[in-house]
Amino acid sequence: METGKEFNALLQVLSGEQQVIQRTDQKAFTLLSILGVFMVFFIVHFPKIQINMFIFLMMMIYFTSAMGTIYYLVRVIIPRIRKHKIKTNDEEVSKDEVINPTFFAGISQFKNSDEYAIYLKSIAKDEHRLYEMFASQVFALGNINQRKNENVRLSLFFFITALISELLIIMSMAYSRALPYLFPT
C-alpha cells in the first residue's frame, strides 16, 4: 500500500473522530441548556408547591437526578488533561516515550514555538514516526469519544429521571387542585 493512501485513510478517520467529538459536545451543551430551562421553570413554581410525602420524594429524586445530569455533562464538555506520549524504539531519542505534538497537552510542554517547530520537523522527517504520531492521535481521539459518549448516555439517564420526576410533581399538583372540582362532596 502506498504511503499517501495510508495517510489519507488515517486523516479521514481522524477527521471523522473530530466530528464525533464536536457532535457529542453539541449534544452535551443542548442537554445542559434544556435542563437549565426546566430547572428555572421548577424553581419559579417551587413556592407554590404544597409539600406532601410523594412530592417530597419526587423533589429529592429530581434534585439528585439534575445534579447527576450536570456532573456527567460537565465531564463531557471539560476535557481531562493528560500528557499523551507515544512509545518509540528510536535510538536517537533518549527516552522510550516521546511527547505527542498533536495534542494541546503535548504542545504546552514546549517552552516556545521554536522548540515546538524543531520537534515537529524532526518527526516529519521520518514517515514511519509521522504515521505513528497520527495513528496515536486517532487512537486517543477514539478513546476520548468512547468516554464522552458514555458520559452522555449516563447524563441522559439522569436527565430523563429528572424530567419524569418533575412531570410527576406537576401532575400531582394538578390532580390535587382538580380533585375537589372533579369529585365535589
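The values are calculated or read from the model by the stated rules, or taken from the named source; none is laboratory data. Keep in mind that this is a model prediction, so the values were computed, not measured. Cβ atoms come from the backbone with ideal geometry, glycine included; neighbour counts cover every protein chain shown.
What the table below lists for this structure:
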| read-out | value |
| --- | --- |
| Meets criteria (polar (S, T, N, Q) and surrounded by fewer than 17 Cβ atoms within 10 Å (Cβ to Cβ)) for Gln146 | yes |
| Sole exception among (1) of a type outside the set (Gly, Ala, Ser); (2) loosely packed, with under 15 Cβ neighbours inside 10 Å; (3) out of contact with any Ser or Thr (no Cβ under 9 Å at 6 or more places or on another chain) for Ile107, by number | (2) |
| Failed criterion for Phe159 (all others in (1) in contact (Cβ under 8 Å) with a residue 60 or more places away in the chain; (2) farther than 24 Å from Gln26 by Cβ hold) | (2) |
| Positions within region 95-149 being of a type in the set (D, E, K, R) and at pLDDT below 80, in sequence order | Lys95, Asp96, Glu97 |
| Residues located in region 42-58, provided they are closer than 26 Å to Tyr72 by Cα, touching a residue at least 24 places away in the same chain (Cβ under 8 Å) and among the aromatic types (Phe, Trp, Tyr) | Phe42 |
| Counted residues, region 13-41 - those being within 14 Å of Arg75 (Cα to Cα) and not polar (S, T, N, Q) | 7 |
| Close pairs from region 120-138: first farther than 12 Å from Ile99 by Cβ, partner part of a loop (DSSP other than H, G, I, E, B) and among the hydroxyl-bearing types (Ser, Thr, Tyr), Cβ under 8 Å, at least 6 apart | Arg129/Thr88; Glu132/Thr88; Phe134/Thr102; Gln137/Thr102 |
